Amino acid sequence: MQKTDMEAYLRSDLRGVVVDHDHYMNEKFANRMRFSFAHELGHFFLHKDFYAMIVFESAAEWKEILLSLPDTEYRYFEYQANEFAGRLLVPREDLVHEIENALKLLELNNMLEYLKADPNAVLSRISTQLSRPFGVSTDVIERRVDREKLWPPYV
C-alpha cells in the first residue's frame, strides 16, 4: 500500500495491485475498494497484452501512460474493466433475484402505480437495497440495470 492519488492500479509486472493507503484503511470506501480490486482484475484478464508492452514503476508514470492514450482507446480500456468488475461482483441472475424481491416489497406496500409513473425515482430509492447484498455502490447497480435493460421491470 502506498499513498497515491489513484485508488488502485495493476502493477506493470501483473504481480499485484497497488492501492491508496487512505482509501484502503477507511471503512467508508470499502465498497469502492472492492470494485477497484475487481476492476484491476479486469485489466489483468482482459489487457495482459497491453501491460506486456509497457513498464512503469510508480503511479505517476502509470498516469502519464494513461494520459498518452487516445481518449477513445482509454475510455474503452476502462469501460471493459468496469464491465468486468460489475459482472464479477453483481452476477446477473442474483441481480434479477434482488429486483424481483424489491418488486414484491413494492407490491406489498401498494407502490406499483408509483413504479409505473416514475420508474427512475423508484430505482433511485431502492438502489441502496439492491446494492447491499453485493457490497457495491448504488452507481454500479444503476449502471448494470440500465445496460442490461433490467429496469424498469415489466409490471
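The values are calculated or read from the model by the stated rules, or taken from the named source; none is laboratory data. All of these numbers come straight from a predicted model, not from anything done at the bench. FYI the Cβ positions are ideal-geometry reconstructions off the backbone, even for glycines, and counts take in every protein chain you see. Remember, those area values only see protein heavy atoms, side chains included, never the ligands or the DNA or RNA. Shrake-Rupley method; radii C 1.70, N 1.55, O 1.52, S 1.80 Å.
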Relative packing of 28-35, 47-54, which averages over residues the other C-beta atoms within 10 Å, highest first: 28-35, 47-54
Using alpha-carbon coordinates, inclination of helix 30-46 to the longest axis of the chain, degrees: 60 degrees
Per residue value of the accessible surface for the chain (all protein chains in place, 1.4 Å probe), Å²: 63 Å²
0 to 90° range, to nearest 10: angle between helix 71-89 axis and the chain longest Cα axis: 60 degrees
Value at 222 nm in deg cm²/dmol, rounded to 500, when DSSP H runs of n ≥ 4 in the chain each add -39,500 (n - 2.57): -20000 deg cm²/dmol
C-alpha center-to-center spacing [region 84-122, region 132-155] in angstrom: 7 Å
FRET E, pair LEU105, ARG143, Förster distance 22 Å, beta-carbon r, rounded to 0.05: 0.50
Space enclosed by the convex hull of the alpha-carbon atoms of the chain, per residue, Å³: 123 Å³
Tilt relative to the chain, helix 119-131 - C-alpha long axis, 0 to 90 degrees, to 10: 60 degrees
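Quick one: if you take sqrt(5λ) for each eigenvalue of the C-alpha gyration tensor of region 82-155, what semi-axes come out, biggest first, whole angstrom?
Sorted largest first and rounded, they come to 21, 12, 10 Å.
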Where Cα atoms sit under 24 Å apart: lysine pairs in the chain separated by 8 or more or lying on different chains: 6
Rounded D (µm²/s) - region 1-86, Kirkwood Rh over Cα pairs, Stokes-Einstein at 37 °C, 0.692 mPa s: 249 µm²/s
Contact order normalised by residue count of the chain, Cα under 8 Å, 6+ apart, percent: 20 percent
log10 of Debye I(q)/I(0), alpha-carbon scatterers only, for region 48-130 at 0.20, 0.22 Å⁻¹: -0.94, -1.05
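Could you tell me what percent of the accessible area of region 58-117 is made up of carbon and sulfur, with a 1.4 Å probe and every protein chain present?
That share works out to 54 percent.
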Long-range amide H partners of SER12 with built H, under 5 Å: PHE56
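So which GluC sites (Glu not before Pro) in region 112-155 end up in coil per DSSP with only 14 or fewer other C-beta atoms within 10 Å?
Taking region 112-155 and a limit of 14 other Cβ atoms within 10 Å, the loop GluC sites (Glu not before Pro) found are GLU148.
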